[in-house]
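Worksheet: the structure to be examined is printed underneath.
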Amino acid sequence: MKDAWVQHLLSKFLLITFTDAAAAEMRTRLAGAFLTEGYEIDPEKIPTMTFNSFAMDLVKEFYTDLQFQKVPIVVDTNPTREAMGILPLITRDKIDGLNYNVAVESQYGALTIAIKVFKLIKSSRIDFSKYMSDQSIEQLVDLYQEYEQILTSQGLLTFADQEPMALSVLDMHLDQLAKFGFEHIVVDEFQDSSDIQMEFIKLFADCPTVKDIM
């Protein structure tokens with residue numbers, strides 16, 4: 001009975017961190033701490049997750065609002081794996097300033113550089129076309145929308161998509177945070193928070209159910 005009470009108490013907490021390894025360590029440590037006090041808690045039921053897994057849960061729940069036709073899956077962003085979908089875009093019309101003299105998927109190749117630029121656009125949430133004039137970058141920005149359409153049409157997203165898409169979900173469904181019922185938020189390794197993760201933290205701070213953030 002007392003274990004069930006502790007489990008109910010834990011449901012009011014969200015412990016959020018940056019890597020799967022850190023989340024697993026937090027669960028293990030907490031379960032061990034509870035055990036020393038006589039409470040046997042299943043570590044897997046301790047609400048600990050990464051920012052990305054939290055974001056992905058939101059994306060999966062509201063995928064239709066993000067224009068997906070089915071629950072999306074995350075694709076590997078390693079250029080050699082993603083090249084099947086992106087390579088035709090990069091090689092169809094050669095982009096001035098990118099290196100096609102080496103293997104296109106090499107560290108300095110056109111495909112690798114293109115994917116890095118796409119990731120930068122996703123993570124910054126900035127319309128780079130307003131601020132960049134270099135010809136090669138402008139052409140990459142033009143390709144970005146087509147790249148996004150390919151991923152969406154195939155029900156795919158990248159690791160870099162998860163957090164921006166989840167924030168888009170919360171823009172549309174801000175009351176969703178309150179529905180989770182979290183009262184206490186613990187952010188592990190807070191000093192490593194990115195700008196986009198700070199946006200999540202600010203939303204938690206404004207959530208009516210949340211009493212404190214540590």
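The values are calculated or read from the model by the stated rules, or taken from the named source; none is laboratory data. Predicted, not measured: the structure shown is a model, and the values here were computed from it. Note: ideal-geometry Cβ built from the backbone for every residue, glycine included; neighbour counts use all protein chains shown. Just so you know, the surface numbers come from the protein's heavy atoms only, side chains and all, with ligands and any DNA or RNA stripped out. Shrake-Rupley method; radii C 1.70, N 1.55, O 1.52, S 1.80 Å.
Annotations
- Residues that are more than 15 Å from the chain's Cα centre (by Cα) and among the acidic types (D, E), drawn from the range 157-191: D171, D175, E183, D188, E189
- Close pairs from the range 112-131: first open to solvent by 40 Å² or more (accessible area, probe 1.4 Å), partner of a type in the set (S, T, Y) and modelled with pLDDT under 70, Cβ under 8 Å, at least 6 apart: K119/T77
- For the range 61-103, the tally of residues that are of a type in the set (V, I, T), touching a helix residue (DSSP H, G or I) at 6+ places or on another chain (Cβ under 8 Å) and modelled with pLDDT under 70 stands at 2.
- Taken over the range 41-77, the residue count meeting the criterion of being β-branched (V, I, T), under 27 Å from L120 (Cβ atoms) and assigned to a strand (DSSP E or B) is 3.
- Residues that are modelled with pLDDT of 90 or more and in contact with a His (Cβ under 9 Å, 6 or more places away or on another chain) are absent from the range 200-209 altogether.
- Residue tally, condition open to solvent by less than 40 Å² (accessible area, probe 1.4 Å) and touching a strand residue (DSSP E or B) at 6+ places or on another chain (Cβ under 8 Å), over the range 189-199: 1
- Across the range 31-51, the number of residues qualifying as open to solvent by 20 Å² or more (accessible area, probe 1.4 Å) and under 27 Å from Q176 (Cα atoms) comes to 6.
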